[in-house]
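Beneath this line is the structure, given in structure tokens, with notes to follow.
The values are calculated or read from the model by the stated rules, or taken from the named source; none is laboratory data. Treat the numbers as computed from the prediction; the structure is a model and nothing was measured. No Cβ is skipped: glycine too gets one built from the backbone with ideal geometry, and neighbour counts run over all protein chains shown. Protein only, heavy atoms only, side chains kept; ligands, DNA and RNA dropped before computing areas. Shrake-Rupley method; radii C 1.70, N 1.55, O 1.52, S 1.80 Å.
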Amino acid sequence: MSANEAVYDKTDETDKTYEKLVALLDERGAAYRVIEHEAEGGTEAVSRLRGHSLEQAAKCIVVMVKLGKKEKRYVLAVVAGDRRVDLAAIKGLLGGSYAGFASQDVAERLSRCVSGTILPFSFDPELELIVDPGLLGHPEFFFNAARLDRSLALSTSDYLKVAEPRVEEIAVA
């Protein structure tokens, strides 16, 4: 496979992920808005483009937790854009011996999104969704929707009903 084909395959996969998300939200009657903007994956920059505070941005990070010498689990950690993921908290929640950021290729494979566009939803049974309650204090929050040039503003209450995340303190200032 050539480099161009690899890029095409990844783009095709993220388009499918976006379509799957929108279909799920529509099926469940979730309140959301699509926001088109310049291509941007950085939380601070894209929050400015979308016109909201960092506290309303979902920062989505794939974390790898070692449970033993040969056993790993992966977590999709979702925190407010003005916070950082607390790796020690995630390690403790899962009873792990080590927690660190997953490699880019693993994060993209499990999330089915390119870095900078990871959704606060998990469509992979290997990826446990854990959300910090600090993100959930606003009526809606924002995230890149599997694309650098498209975001969603999603009702927080609808998100909780549709995604059914585990809600735990996993963020630090």
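Taking the numbered list (1) open to solvent by less than 40 Å² (accessible area, probe 1.4 Å); (2) in a strand (DSSP E or B); (3) closer than 24 Å to K69 by Cβ; (4) of a type outside the set (S, T, N, Q) in turn, V106 passes all entries but (2).
Scanning region 34-57 for residues that are of a type in the set (K, R) and exposed (fewer than 12 other Cβ atoms within 10 Å of the Cβ) turns up nothing. Taking the residues in region 118-173 that are among the β-branched types (V, I, T) and in contact (Cβ under 8 Å) with a residue 40 or more places away in the chain as candidates, determine which candidate is farthest from K59 (Cα to Cα). Checking each candidate, the answer is V162. Number of residues in region 123-154 that are closer than 20 Å to R33 by Cα and open to solvent by 20 Å² or more (accessible area, probe 1.4 Å) equals 9.
If you go through region 62-80 and keep only what is open to solvent by less than 10 Å² (accessible area, probe 1.4 Å) and either among the aromatic types (F, W, Y) or within 10 Å of L127 (Cα to Cα) (or both), you end up with V62, V63, V75, L76, A77.
When restricted to residues that are open to solvent by less than 70 Å² (accessible area, probe 1.4 Å) and touching a residue at least 60 places away in the same chain (Cβ under 8 Å), region 83-103 contains 5.
The rows are residues; the columns are (1) over 19 Å from E13 (Cβ atoms); (2) touching a Cys at 6+ places or on another chain (Cβ under 9 Å).
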residue	(1), (2)
G92	yes, no
G95	yes, no
A107	no, yes
S115	no, no
D124	no, no
E128	yes, no
P139	yes, no
